[in-house]
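Got a structure for you, written out below as structure tokens; questions coming shortly.
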Amino acid sequence: MKKVVFVLFIVVFTHYLIGQDTQKNEEKKINHIGFIFSTETLLIDLDDYNGGIGIKLVLPSINFRIMGDFGYSKSSEVISGDLGIAIEKKVRNGRITPYWGGGLQAGIIHEKAETNEDNWEKLLTVPLEANAFLGVEVFLLEFISFFAEYEVSAGISYVKNSLSTYGVIEEVSSWNWDIQTGIGNSGRLGIVIYLDDVIVIDRK
């Protein structure tokens, strides 16, 4: 239920943002909104984007990608959440649009295993990642596109483990980091479905 509420909040919030600017350029909207999905192939076998919900805002010269996710499990006492934003700078406009950019993503994971009030274990993980990417977006239709990209990412995470044994609490914390290169979006293609036409395709 909480995840459904979170999804509705993201949709309503982005609709509000895009509705703040309704100016038109030569009778055509210059701002667009789309929903991002992941897929293994171009057969439109849609899946979630980076494990969450992805929204894309298209402006005349730059694009914004927003990703959010929230999860809660009462049975396993796990709470998790992620929020990320990326900025794309278009090299040129058209049916094939190269771009470059960067983004930030932060999250939190809290796990608890409890036997009783005096015997339990808690694990808190707070990851933060920054990345730079180079990609290309190709429009299949005026309102549907797919994209693929390379990225360089650097991440750091804080991990804290708390253990209570018969009421005696011990805490251990550490920092971990990594740097890697590879295919963005976990090596999968991204599919964007826009709410209106973004480009005009000449079908001659």
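Provide the per residue accessible area, probe 1.4 Å, for region 41-147, rounded to a whole number of square angstrom.
Working: 5720 Å² over 107 residues.
Ligands and nucleic acids excluded, the figure is 53 Å² per residue.
Quick one: Karplus J couplings for region 89-97, per residue in order, coefficients 6.51, -1.76, 1.60, θ = phi - 60°, nearest Hz, x for Gly and Pro?
Computed from phi, the couplings for region 89-97 are 10, 6, 6, 7, 9, x, 5, 10, 10 Hz.
If DNA, RNA and ligands are ignored and the probe is 1.4 Å, what is the ranking of THR115, THR41, THR125 by accessible area, most exposed first? Walk me through the intermediate numbers first.
Details: THR115 115, THR41 60, THR125 30 Å².
Reading off the accessible areas and sorting them downward yields THR115, THR41, THR125.
Let a ≥ b ≥ c be the square roots of the eigenvalues of the Cα gyration tensor of region 32-194; is it rounded (a/c under 1.5), or, if not, prolate (a/b larger than b/c) or oblate? List each step's numbers first, then the result.
Details: a/c = 3.29, a/b = 2.28, b/c = 1.44.
It comes out prolate by the Cα gyration axes.
Once the Cβ-Cβ distance between SER174 and TYR72 is put in as r, and R0 is 35 Å, what FRET efficiency do you end up with, to the nearest 0.05?
Numbers: r = 25 Å, r/R0 = 0.73.
The pair SER174/TYR72 has a calculated efficiency of 0.85.
Something else: Taking all protein chains as present, what is the carbon and sulfur share of the accessible area of region 32-194, in % to the nearest whole number, probe 1.4 Å?
62 percent
The values are calculated or read from the model by the stated rules, or taken from the named source; none is laboratory data. What you are looking at is a predicted structure, and each value in this text was computed from that prediction instead of being measured. Ideal geometry is used to build each Cβ from the backbone, glycine not excepted, and the neighbour counts take in all protein chains shown. Please note that ligands, DNA and RNA were not included when accessible areas were found on the heavy atoms of the full protein model with its side chains. Shrake-Rupley method; radii C 1.70, N 1.55, O 1.52, S 1.80 Å.
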